[in-house]
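K.L.:
Once you've had a glance at the structure underneath, I'll fire off some questions.
Here, each number is a calculation from the coordinates, and none is a lab measurement. Fair warning: this is a prediction, and the values are worked out from it, not measured in the lab. Neighbour counts are summed over all protein chains in view; Cβ atoms, including those assigned to glycine, are modelled from backbone coordinates with ideal geometry.
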Amino acid sequence: MKTVTVESLRSMKQSGERISCLTAYDYSFASLLDRVGVDIIMVGDSLGMVMQGHDSTLPVSLKDMIYHSRCVAQGRSRALQVVDLSFGSYQESPESALRSASRLMSKGGAQVVKLEGGAVMAETVAFLVARGIPVCGHLGLTPQSVHQLSGYRVQGKDDASAATLATDALALEQAGASLIVLEAVPAELARTISESLRIPTIGIGAGVHCDGQVLVLQDMLGLYPRPSPKFSKNFMQGQDGIEAAVQAYVDAVRSGSFPGSEHSF
Ligand code: KIV
């Protein structure tokens, strides 16, 4: 199977082929996801919750991200590895983002770095891209801003915030981002944004019209002991093992049968 690159993701968008993405934080799960054919393995700072037991992503350090990214890199060969910049490791300046991103890539094996925020981060995105670092944006419910957002809530519900999100997405694309995660936004807004961009959108709680989908692995395997978000689905149900559950997820994303309306806003 051909390796996944930012260029092949863009071709997938052009040909209408949906992109599958799951999080992973270690060697064994990364190997399994890669073997099954997941296109993107995302080393998310959701590891703060599912690996470390915190109630937010804020305590996760860049060192934690590098450690887990390095473990994932050992198991991946085909999938593209997208890794979160941790809270506080990139917001101060484009230079601080470059320092953190280059550590994630050189020490952690990241192939794309992900950061949260819209137009306000465009200068940083352009700075990284001009220096050879592919960037994934993250809009909508941006978990590192949980306190500013007053909780984990659906974003872009009114006209003004929907327009801001659409403008933010264009600003990230113009700055050179390779893809954008849209989290917890109404399905129709995600559709409008996805259709307005040339780069792929990867939705989580953003409806079926994104170019791809991502879920947190522990949620979709039913392993996380706390309640999972409404937009997640337990793919272990009806399957006889983890590999079969991941395959069912990839098939459901590719066919467009996930997410259904019950997993969307
Ligand atoms: O932290 C994470 O795992 C993420 C994805 C769920 C999008 O940001």
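K.L.:
Under 28 Å between C-alpha atoms is the cut-off here; go through region 6-263 and count lysine pairs that meet it, provided they're at least eight residues apart or on different chains.
P.N.:
11
K.L.:
Give me the base-10 log of I(q)/I(0) for region 217-265 at each q in 0.23, 0.33 Å⁻¹, Debye formula, one uniform scatterer per Cα, rounded to two decimals.
P.N.:
Here log10 of I(q) over I(0) equals -0.86, -1.26.
K.L.:
Which whole-Hz ³J(HN,Hα) couplings does region 14-25 yield from phi under the Karplus relation 6.51 cos²θ - 1.76 cosθ + 1.60, θ = phi - 60°, glycine and proline marked x?
P.N.:
With the stated coefficients, region 14-25 comes to 4, 8, x, 8, 6, 9, 9, 9, 9, 7, 7, 9 Hz.
K.L.:
For region 137-169 and region 1-30, write down the distance between their C-alpha centroids in whole Å.
P.N.:
Cα centroid to Cα centroid, the span is 25 Å.
K.L.:
Relative contact order of the chain: what whole-number percent is it, with Cα pairs under 8 angstrom and at least 6 residues apart? Please list the in-between numbers first.
P.N.:
On the way: 558 pairs, mean separation 48.1, N = 265.
Relative CO of the chain lands at 18 percent.
K.L.:
Would you be so kind as to identify which of Leu189, Gly212, Leu104 lies farthest towards the positive end of the dipole of region 6-263, taking Lys and Arg as +1 and Asp and Glu as -1 on Cβ and the Cα centre as origin?
P.N.:
Ranked along the dipole, the leading option is Leu104.
K.L.:
Considering all alpha-carbon pairs of region 1-58, what whole percent are spaced by more than 18 angstrom? The partial results should precede the final answer.
P.N.:
On the way: 731 of 1653 pairs.
Considering region 1-58, 44 percent of its Cα-Cα pairs are separated by more than 18 Å.
K.L.:
In sequence order, what are the phi-derived ³J(HN,Hα) couplings for region 206-219 according to the Karplus relation 6.51 cos²θ - 1.76 cosθ + 1.60 with θ = phi - 60°, rounded to whole Hz, with x for glycine and proline?
P.N.:
Once θ is set to phi - 60°, the couplings for region 206-219 become 10, x, 7, 8, 6, 7, x, 9, 9, 9, 6, 3, 5, 5 Hz.
K.L.:
Which stretch or stretches of region 143-157 have amide N atoms under 15 Å from the point lying 7 Å from Glu188's Cα along the Cα→Cβ direction?
P.N.:
Inside the label zone: 156-157.
K.L.:
Going by average Cβ neighbours within 10 Å, how do the peptides 239-245, 146-152 rank, with the highest at the top?
P.N.:
Order by mean packing, descending: 239-245, 146-152.
K.L.:
Here's a follow-up. Amide H to amide H under 5 Å from His138: which residues, 5+ apart in sequence or cross-chain, H placed 1.01 Å off N in plane?
P.N.:
Residues meeting the amide H criterion: Leu115, Gly117, Val181.
K.L.:
Ignoring everything except DSSP H segments at least 4 long, calculate the 222 nm mean residue ellipticity for the chain; use -39,500 (n - 2.57) per segment, divide by total residues, nearest 500. Write down the numbers at each step before the final one.
P.N.:
Values: 10 runs with 105 residues, N = 265.
Result for the chain: -12000 deg cm²/dmol, rounded to the nearest 500.
K.L.:
Considering just Cα atoms, how many Å³ per residue does the convex hull of region 84-231 enclose?
P.N.:
Cα-based convex hull of region 84-231, divided per residue, equals 119 Å³.
K.L.:
Here is a further query. Figure the gain on full extension for Thr5 and Glu262 (residue separation times 0.36 nm, minus the Cα-Cα span) and round it to one decimal in nm.
P.N.:
Result for the pair: 89.4 nm of gain on full extension.
K.L.:
Here's another thing I want to ask about it. In a shell of Cβ-Cβ distance under 14 Å around Val60, excluding Val60 itself, what net charge do Lys and Arg (+1) and Asp and Glu (-1) give? Write out the running numbers ahead of the final one.
P.N.:
Details: positive: Lys63, Lys114; negative: Asp45, Asp55, Asp64, Asp84, Glu116.
Counting the neighbours of Val60, the net charge comes to -3.
K.L.:
Mind grabbing the base-10 log of I(q)/I(0) for region 59-121 at q = 0.27 Å⁻¹? Debye formula, identical points on the C-alpha positions, no solvent, two decimal places.
P.N.:
Here the Debye-derived log intensity ratios amount to -1.15.
K.L.:
Kirkwood Rh over Cα pairs of the chain into Stokes-Einstein at 20 °C, 1.002 mPa s: D in µm²/s?
P.N.:
119
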